[in-house]
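The values are calculated or read from the model by the stated rules, or taken from the named source; none is laboratory data. Predicted model only: the values in this text are computed from it and were never measured. Here the Cβ positions follow ideal geometry from the backbone for every residue, glycine too, while neighbour counts run over all protein chains shown. Side chains are part of the model used for accessible areas, which takes the heavy atoms of the whole protein and leaves out ligands, DNA and RNA. Shrake-Rupley method; radii C 1.70, N 1.55, O 1.52, S 1.80 Å.
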Amino acid sequence: MRGVEAYGVEPIPAASRTVGWRDLFAINFTFFLNPVMYVLGALAVTDGGLPLPWAVAAMVVGQALAFGLLVVVAEVGVDHGLPGQVALRATLGFWGSRLLSSPYRVVAATYWFAAQALISAYGIQAIVEAMTGHRLPLVPVAVGLGAFHAVLAVLGFDVMRYVLRVLLPVSLALTGVLLALYLGSDDPSFAPHGVFHASDQHLTWLGFATYVTVMCGASLTLVTNIADVCRYTRSRRDMRIALFGSALTSAVVTTFVGGYAAVATGESNPFVAVAGLTDASAVLALVLVAIVVQSLAANVTNVYTAGLSLVNAAPSLGRFRASCIVAAVAVALCGFPDSVDHAQRWIVHLGNVAAPLTGVIVADYLLVRCRWTDVEALFEPLGRYRFVRGVNPSAVVATALAVAVYYAVPQAWVKVVWGVAVAAVAYVALAAFQEAAVARGRQARESRVGFAE
């Protein structure tokens, strides 16, 4: 079908890996410049109790920790044109990747998708009501918005790339409109001095550590698919500049915008917060456009990466059909408003798994395989990445052990660091033991054969 990406889970040819850092920056920046990230920024000041500058600092530190690891994981996308789930066969095993990490990403992406669409629908409700006095029904708005997002995602990488390149400047301009409404408001609660020195917010180590972990854990849920958006990239340098730069700058913007509104109004959704700041229809219409634009980028990426995860689990589907299935489920989930609350809880739990899984993946790639991947073996069910019945026991056990530690460690200890570190150390030790056991078994079999002869 013309205009639809042809590649599924197979490697992208070197001749097609031409995307520079600007396009990748636009994809990742617009992915993070979204309503859910505004809400996380707001929660850092309302639930975390942090002053706005410290909320920004906590989220930036969390992003820096996450993307310091994710840029390493993304190298297989740049070097070999591989999607993340296929590359994970080298760590989790041929079937471990297909049956464990692929469903993990599909679940994470569909919940993120529904949360984005529903939070955006709440904003659309508030803006339309401010403009017309009429309150739109939530579910049809969320489903319609989600369906629009899903159609673009199904078309594939090139459509996503060009759409998001256009959306980046538009999204930034619309964010500027939000800030202008804040700073130009006659409401004293929006005065900068009051927001920056709010009496209800105080710096505590617990609040800071908690939101470093929340931000880092949320971003590490991308560990299974960060290579997906990098497999058309032309160099590691382009990838590192784009991913790290876009992640940190978007954390500053979203936390500031979401946190500012939360301090001023107590409202975690900035689009709802600004609905009462102006009665100018033209300005409100711009905010309405901002809601659609900023939720679009994240949801297009969610469906695209989830589709690749599903096709890794079931290759016979092909990328297009797999993306259509994911899109249909994600849009259907938009019909359940409770998905927002469920998504927040699931995002926490998924983040609790993401940090240990990241520790295992990075330790395997850097310390055990020394950045080497046998690409052909990734597609061989009985090849070197079969391990034990297609699953790498060391990776599964190390992840499970680190998840248990993650839940046991207090928030004040910065859980995410423990999750990554324990998983990495456990995996290296278990992998060495597993390799030694395999070598002893091989020697024993050879000895029996020699004796029989």
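The Kirkwood hydrodynamic radius of segment 1-98, based on inverse pair distances between different Cα atoms, is 16.5 Å. Ligands, DNA and RNA aside, residue 95 has an accessible area near 90 Å² when probed at 1.4 Å.
Heavy-atom accessible surface of residue 370, to the nearest 10 Å², is about 90 Å², with a 1.4 Å probe and all protein chains retained. Placing +1 on each Lys and Arg Cβ and -1 on each Asp and Glu Cβ, with no other charges, gives the chain a dipole about its Cα centre of roughly 1460 debye. For segment 150-246, trypsin sites (Lys or Arg not before Pro) meeting the loop criterion (DSSP other than H, G, I, E, B) and having at most 16 other Cβ atoms within 10 Å: 234.
The simple spin-label model puts a point 7 Å past each Cα toward its Cβ; for residue 177 and residue 429 those points are separated by 5.6 nm. Taking other residues whose beta carbon is less than 15 angstrom from the beta carbon of residue 325, and scoring Lys, Arg as +1 and Asp, Glu as -1, yields +3. Against the criterion of solvent-accessible heavy-atom surface with a 1.4 angstrom probe, 287, 388 sort, most first, into 388, 287. Computed on protein heavy atoms with a 1.4 Å probe, the accessible areas place 23, 47 in the order 47, 23, largest first.
Per residue, the convex hull spanned by the Cα atoms of segment 74-191 amounts to 177 cubic angstrom.
Model label sites at residue 99 and residue 436, defined 7 Å from Cα along the beta-carbon direction, differ in position by 2.9 nm.
Ellipsoid fit via the Cα gyration tensor, segment 209-306: semi-axes of 30, 18, 12 Å, each the root of five times an eigenvalue, largest first. Contact order for the chain, expressed relative to its length and based on alpha carbon pairs under 8 Å spaced 6+ residues apart, stands at 32 percent. Note on segment 223-381: Rg/Rh from C-alpha atoms, Kirkwood Rh, equals 1.02.
Calculated [222 nm] ellipticity per residue, helices only, for the chain: -24000 deg cm²/dmol; basis is -39500 (n - 2.57) per DSSP H run with n ≥ 4, divided by all residues, nearest 500.
For segment 397-443, the convex hull drawn through the C-alpha positions has a volume of 48 cubic angstrom per residue.
A simple spin-label model places the labels of residue 389 and residue 204 4.7 nm from each other, with each point 7 Å out along Cα-to-Cβ.
Screening the chain for whole DSSP H helices with an alpha carbon extent of at least 30 angstrom along the helix axis and a mean Kyte-Doolittle hydropathy of at least 0.5 yields 52-73, 102-132, 157-183, 236-265, 281-313, 339-363, 415-452.
Panel values: segment 171-262, Kirkwood radius from alpha carbon pairs, Stokes-Einstein at 10 °C and 1.306 mPa s, translational diffusion coefficient 99 µm²/s.
Computed on protein heavy atoms with a 1.4 Å probe, the accessible areas place 304, 232 in the order 232, 304, largest first. Pairwise alpha-carbon distances in segment 267-316 exceed 16 Å for 58% of all pairs. Using only the alpha carbon atoms of the chain, find the Kirkwood hydrodynamic radius as the inverse mean reciprocal pair distance, in angstroms to one decimal. Hydrodynamic radius (Kirkwood, Cα only) of the chain equals 22.6 Å. Using a probe of 1.4 Å on the protein chains alone, the accessible area found for residue 183 is around 110 Å².
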